[in-house]
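Remarks on the structure that follows.
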Amino acid sequence: MFKAFSFAFFHELQEIKNSWYRLILLTLLPIFSFGFLVVIFYKGVATELPIVVVDNDKSDISRRVLFNIDATATVEIKYRVTDLSSALNLVQTSQAYAIVEIPAHFKRDILLQKQPKVTVMLNTQYILIGKIVKAALLESIMHSAGEVEYLKNLVTTQNSEESINAITPIGLQVTPFYNTYKNYFLFLVSALLPSIWQIFIVIATIVSFGTLFKAGREREFFSSEYIGMKILGKLFPYTIVYFLLGVGFVAYIYGTLGWVFQGSFTVTFFAIFLTVIAYQSVALLFFVTGFDYARSLSLGAVYTAPAFAFLGVTFPVDSMNGFSVFWRDLLPVSHYMELQISQANYGVDIFMELDKLLAIALFSLALIPVYFRFKQRLQG
């Protein structure tokens with residue numbers, strides 16, 4: 001039994017050594033993809049997003065409002081125009097993400113307590129950027145409003161402390177449970193990397209078995225007994241490599257970059273190992289449906305490519321419809337991400353993770369029908 005496993009394992013190592021395509025699937029492509037994402041999101045926090053302003057008042061108060069907006073790290077007043085049509089043209093050509101328009105007689109209306117309105121127009125096609133810009137503009141404009149109100153109160157009370165308390169009688173402190181600095185590297189990359197990782201696992205598995213059958217060498221390879229052990233032995237080199245890649249990206253994010261990992265690395269690494277086996281099992285299940293190399297690759301792509309959208313990271317699971325939740329449950333990476341988040345951010349006890357580990361492990365049961373389909377094919 002072990003001899004059959006060992007034979008298949010070393011045979012696959014030789015196949016990998018002689019195939020530039022498999023070597024790239026195991027090394028260059030995943031590393032390049034991971035590195036590409038890291039480079040894109042390395043800043044972590046969006047800064048200096050360009051906006052355009054239309055100041056129809058040009059008073060000292062309007063200039064103060066614009067100064068406060070420009071002082072934020074998130075946005076930068078890159079364009080100042082005199083009419084709204086020019087501002088809209090800049091947004092439509094993607095040179096600016098938002099327009100801030102200050103109305104005429106802005107200072108006069110403030111002094112007359114008419115509550116003039118600053119108009120903000122956002123390009124909501126960029127959902128994430130729109131949300132960030134909106135929050136930054138709202139905060140800076142409210143800060144400016146507070147400054148104006150403070151000065152008005154100070155004239156009346158002649159007391160700075162009373163003037164501040166009159167503006168904000170109730171203080172508010174909002175502290176996120178994790179990702180305190182709202183760093184999008186931690187938020188997005190920690191989910192994007194597993195989403196890409198699972199694609200490579202499925203592709204490499206199908207390539208390994210697909211090329212064997214395409215070349216008509218399956219009976220030669222599975223010539224003796226212990227078909228199941230040979231299947232496992234053929235899978236094992238990929239299991240090791242993709243497990244190490246999974247461990248590597250977790251170690252990079254929570255080790256090299258210094259983000260605090262609240263839970264157990266051991267539990268997380270075990271979940272990574274189970275996830276690799278789960279995807280290999282599902283990939284083989286796709287392959288044995290018809291032993292069609294090209295068709296199984298297409299099925300694997302359909303199954304893995306949209307995974308990021310169903311993880312519940314950028315869109316809450318509670319707001320998904322029934323089919324979306326069903327499809328999410330069919331993805332091992334979604335269960336893994338639940339565990340990674342609960343371990344990395346909350347340090348959840350291992351006994352509360354057993355359901356997630358079991359959900360991932362259940363995917364490996366696909367190896368049972370895979371074994372019988374192989375046996376049926378080879379004996380047919």
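The values are calculated or read from the model by the stated rules, or taken from the named source; none is laboratory data. What you see is a predicted model; the values in this text were computed from it and never measured. Cβ placement follows ideal geometry from the backbone for every residue including glycine, while neighbour counts extend to all protein chains displayed.
For this structure, a couple of remarks:
- The helices (runs of 4 or more DSSP H) located wholly in segment 189-263 that include 1 or more residues which are within 32 Å of the chain's Cα centre (by Cα) and among the polar types (S, T, N, Q) occupy 190-214, 227-251.
- Where a residue in segment 291-316 is in contact (Cβ under 8 Å) with a residue 24 or more places away in the chain and its partner, wherever it lies, is part of a loop (DSSP other than H, G, I, E, B), with Cβ under 7 Å and at least six apart: A307/L331; F310/L331
- Qualifying residue in segment 313-332 (condition: closer than 18 Å to A204 by Cα, assigned by TED's automatic domain parsing to the domain that holds A359 and not polar (S, T, N, Q)): yes
- Cross-chain or 6+ apart pairs with Cβ under 7 Å, segment 206-218 first and over 14 Å from L25 (Cα atoms) and touching a residue at least 60 places away in the same chain (Cβ under 8 Å), then among the polar types (S, T, N, Q) and crowded, with 20+ Cβ neighbours inside 10 Å: G210/S296
- Hits in segment 346-361 - residues which are in contact (Cβ under 8 Å) with a residue 40 or more places away in the chain and in contact with a helix residue (DSSP H, G or I) (Cβ under 9 Å, 6 or more places away or on another chain): V348, I350, E353, K356, L357, I360, A361
- Taken as a whole, the structure places I341 among residues that are under 26 Å from the mean Cα position of the chain (by Cα) and either over 30 Å from F222 (Cβ atoms) or outside the structural domain of I227 (by TED's automatic domain parsing) (or both).
- Tallying residues that are surrounded by 12 or more Cβ atoms within 10 Å (Cβ to Cβ) and either among the small types (G, A, S) or closer than 20 Å to E220 by Cα (or both) within segment 14-33 yields 4.
- Within segment 347-380, restricting attention to residues that are closer than 30 Å to F249 by Cα and in contact with a Gly (Cβ under 7 Å, 6 or more places away or on another chain), the residue that is modelled with the lowest pLDDT is G347.
- Scanning segment 101-127 for residues that are touching a helix residue (DSSP H, G or I) at 6+ places or on another chain (Cβ under 8 Å), among the hydrophobic types (A, V, I, L, M, F, W, C) and either modelled with pLDDT under 80 or farther than 30 Å from F185 by Cα (or both) yields a count of 4.
- The sole residue among V282, V333, V288 that is of a type in the set (A, V, I, L, M) and within 21 Å of the chain's Cα centre (by Cα) is V333.
To keep it simple, each residue is scored yes or no on (1) modelled with pLDDT under 90; (2) surrounded by 19 or more Cβ atoms within 10 Å (Cβ to Cβ).
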site: T156; (1), (2): yes, no
site: N165; (1), (2): yes, no
site: L186; (1), (2): yes, yes
site: V202; (1), (2): no, yes
site: G233; (1), (2): no, yes
site: T239; (1), (2): no, no
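- Test: residue in segment 254-272 that is surrounded by 21 or more Cβ atoms within 10 Å (Cβ to Cβ) and within 19 Å of I368 (Cβ to Cβ): no
- Sole residue being modelled with pLDDT of 85 or more, farther than 26 Å from N123 by Cα and touching a Leu at 6+ places or on another chain (Cβ under 8 Å), chosen from F9, F5: F5
- On the stretch given as segment 184-238, residues that are closer than 14 Å to F9 by Cβ and out of contact with any Phe, Trp or Tyr (no Cβ under 8 Å at 6 or more places or on another chain) total 3.
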